[in-house]
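Below is one structure, written out as structure tokens, with a few remarks after it.
The values are calculated or read from the model by the stated rules, or taken from the named source; none is laboratory data. The structure displayed is predicted, hence computed values, not measured ones. In this analysis, Cβ positions are derived from the backbone assuming ideal geometry, glycine residues included, and neighbour counts consider all displayed protein chains. Calculation scope for accessible area: heavy atoms of the full protein, side chains included, ligands and nucleic acids excluded. Shrake-Rupley method; radii C 1.70, N 1.55, O 1.52, S 1.80 Å.
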Amino acid sequence: MALPKAIEAEIERIRAKNEGLNLSVGESERPRGFVLHVDGRLDTNNSNDFRELASSALLEAHAFGGMVIELSKVSYISSTGVGALTYLLAEAKRHEILFYLQGMTEHTKAVFDVLGFTSFFSCIDANGEKQQ
């Protein structure tokens, strides 16, 4: 299945506007879904743009079987970044779309833990296995 061109165009706009945040899209076999790869910082400066793009991608993700946000290359995440991901989780539930966070680094997981949000998300490793 081809990835939506509108999503790829929006990623290019965000790349040009937000130094320190790089996004790319792909498909995942396990779990099956649309993957949004996040690379760099997810913070106050770019979390709104990220949330808008990811919300659009989320609506496309239903045709792919779900959505995976790949976080293994996130060097920093602030509470606003966590807030953007929490918003996406709520939207996924509202639209009955499977939603996963993949490859959380120790730093990213620590921020989720401190904020008390870890248990709300389905977190998986690079192989699609449940992450502890």
Original post:
Among the numbered criteria (1) open to solvent by 10 Å² or more (accessible area, probe 1.4 Å); (2) assigned to a helix (DSSP H, G or I); (3) closer than 17 Å to Ile7 by Cα, which single criterion is violated by Glu91?
Top reply: (3)
**OP:** Could you list, in sequence order, all residues of region 94-119 that are in contact (Cβ under 8 Å) with a residue 40 or more places away in the chain and either under 12 Å from the mean Cα position of the chain (by Cα) or open to solvent by less than 50 Å² (accessible area, probe 1.4 Å) (or both)?
**Re:** Phe99, Tyr100, Gln102
Original post:
From Ser122, Ser79, which residue is open to solvent by 40 Å² or more (accessible area, probe 1.4 Å), within 15 Å of the chain's Cα centre (by Cα) and over 19 Å from His37 (Cβ atoms)?
Top reply: Ser79
**OP:** Determine, yes or no, whether Gly65 is of a type in the set (Gly, Ala, Ser), free of Cβ contacts under 8 Å to residues at least 60 places away in the same chain and either touching a helix residue (DSSP H, G or I) at 6+ places or on another chain (Cβ under 6 Å) or more than 19 Å from Ile7 (Cα to Cα) (or both).
**Re:** no
Original post:
Quick check, is Arg15 basic (Lys, Arg) and more than 23 Å from Arg94 (Cα to Cα)?
Top reply: yes
